[in-house]
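Below: the structure, in structure tokens.
The values are calculated or read from the model by the stated rules, or taken from the named source; none is laboratory data. Small disclaimer: the values here were computed from a predicted structure and weren't measured. With ideal geometry, Cβ positions are generated from the backbone for all residues, glycine too; neighbour counts draw on all protein chains shown. Surface areas here come from the heavy atoms of the whole protein model, side chains and all, with no ligands, DNA or RNA. Shrake-Rupley method; radii C 1.70, N 1.55, O 1.52, S 1.80 Å.
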Amino acid sequence: MRYSAALAVLATSTILYAAGNTQAADLEVTHWWTAGGEAAAAKVLAESYDKLGGDKWVDGAIAGSGSTATPIIVSRILGGNPMGATQLNTGRDAEDLVKAGLMTDLTEIAAKEGWADFIRPSKLFDACKYEGKIYCVPVNIHTEQWMWVNPAAFKAGGVPVPANWQEFVATAPKLKENDIIPLATGDAWQVNLIFNDMVSSIGGKDLFLKVYRDKDAEAAASPEMKAVFEAYAQARELADPGYVGRSWNEATSLVISGKASAQIMGDWAQGEFGVAGKVAGTDYDCLLGLGNNPVLNTGGDAFYFPKNANPEVTKAQLKLASMLVSKQTQVAFNLAKGSLPIRGDVDLAAANACMKKGIEVLNKLDNVVPSINQLLSPDSKLEVEDLSKEFFADSSMTVEDAQARFVSIIEQAQ
């Protein structure tokens, strides 16, 4: 069942959360930050909130990825059992919930604290708006266009550390000869992330925007898009058969240990390197835009606050919203998470080498694009994911057949 269809079914039983179902001082916060680095970042937020006094962060971690957690979160809200606050992707994941009037309006506090003056880029803040009102708080800028590499693994394989995707592909035979997995990954959303990264990293910024923002079917059928599918076909040959069922942080661990040479993953992977005590630029390195096109997307995490009939809970929600955008929280949280802050006026002297690469591109804004979550509806996004998963798993599917299906998806995309 597709996301919008599920919403339609669940909406028939929606009940507004009643006062008295929770203590005013307890604010349940749901999220899917359960990997080592993610959990450390979540702990920063929880401890910061508890230090404010009075209200208490009650952790509601949901094991699994966003694709696992989001339906659970949506179901609870529509079923009349909302949490106090919830993490979701910055974008259109909560669009139908906002339209249904189930999210707390943050417009007043956003205006009072001047969020529009310091949240950057502006499109990130725009993703929280509906009909001119604010319904979420972006807490970071998560970028997906990274390839994380272990220099020691390439040395063990007798090949130089690659500077781009083409050089990486050339190292694969020697790596395999030395029992090193060229590309560590997992299934489902992880291989879809590789595909979407390649649209901007191999195809370039203009192709990415034409396809996903403009829904341009001619661009989807272009030679540039064919080159993306050809690179994606190379990626499926570089992954080991054991990728099926593997979590993203397990794939990161393979790179950290040197059992694999590289992983294409978002900057949240840095949290795992950090927990393992690894130093960026020394123990591991990072290729932005696969070393081809240094493009960043402005996706990330945002917090939404479901409507609640208890005024004490509403006050606690607003207090958390204010804390999330504060300078102190932004620095501490994003250094732990490996992401970039939403504020451009904070001191990031402690940022590591890879974070500084991202900040440099972000500050220029020339190669910054919106995330898929901001450009495609949940249903259209799922169609792209289904195709990318099938192609990655089935080596008999040709580039031509996959591209033809992709064109059809883009023609009907919303």
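For the chain, the per residue solvent-accessible surface stands at 39 Å², with DNA, RNA and ligands left out and a 1.4 Å probe. By the rule of a C-alpha distance below 13 Å, with chain neighbours fewer than 8 residues away ignored, the aspartates and glutamates paired with Lys176 are Glu237, Asp240. For the pair Lys327 and Lys226, label points projected 7 Å from Cα toward Cβ lie 5.4 nm apart.
At a Förster radius of 41 Å, what calculated FRET efficiency corresponds to the Cβ-Cβ distance of Glu167 and Asp105, to the nearest 0.05? Result of the calculation: an efficiency of 0.20.
Computed from phi, the 3J(HN,Hα) profile of segment 290-307 under the Karplus parametrisation 6.51, -1.76, 1.60 (θ = phi - 60°) reads 6, x, 9, 10, x, 9, 10, 9, 9, x, x, 10, 9, 10, 10, 10, x, 4 Hz, with x in place of Gly and Pro. Close amide-amide hydrogen proximity is noted between Thr104 and Phe305, Lys307, each under 5 Å apart and 5 or more residues distant or on a separate chain (H modeled in the peptide plane; Pro and chain starts excluded).
Calculated from the structure at hand, Cα extents along the principal axes in Å is found among (1) 63, 45, 37; (2) 76, 48, 34; (3) 72, 47, 47 as (1). When the Gaussian network model of the chain links Cα atoms closer than 10 Å, the mean-square fluctuations of Ala40, Ala111, Ala85 top out at Ala111. Once Lys and Arg get +1 and Asp and Glu get -1 on their Cβ, which of Ala153, Pro138, Ala402 lies farthest toward the positive end of the dipole of the chain? Result: Pro138, furthest along the dipole toward the positive end. Given a 1.4 Å probe and the protein chains as shown, Arg405 ends up with an accessible area of around 100 Å². For segment 306-409, the tally of Lys pairs with Cα-Cα distances below 23 Å comes to 14, considering only residues 8 or more apart or on different chains. Computing the accessible area with a 1.4 Å probe over protein heavy atoms, can you report the carbon and sulfur percentage for the chain? Reported share for carbon and sulfur atoms: 51 percent.
Percent relative contact order of segment 101-194, based on C-alpha pairs within less than 8 angstrom and at least six residues apart? If you can, show how the numbers build up before the last one.
Numbers: 54 pairs, mean separation 16.3, N = 94.
Relative CO of segment 101-194 lands at 17 percent.
Distance between the modelled labels on Thr68 and Ser408, one decimal in nanometres: 3.2 nm (7 Å Cα→Cβ projection).
Each Cα pair under 8 Å and six or more residues apart adds its separation to the average, and for segment 269-366 the resulting relative contact order is 35 percent.
Database remark: amide H of Val369 closer than 5 angstrom to the amide H of Leu296, Asn297, Thr298 (H placed geometrically; neighbours at sequence offset of 5 or more, or on other chains; Pro and chain starts carry no H). Counting only DSSP beta bridges with both residues in the chain, the antiparallel share comes to about 55 percent. The distance between label points at Asp345 and Asn363 comes to 1.7 nm (points 7 Å beyond Cα on the Cα→Cβ vector).
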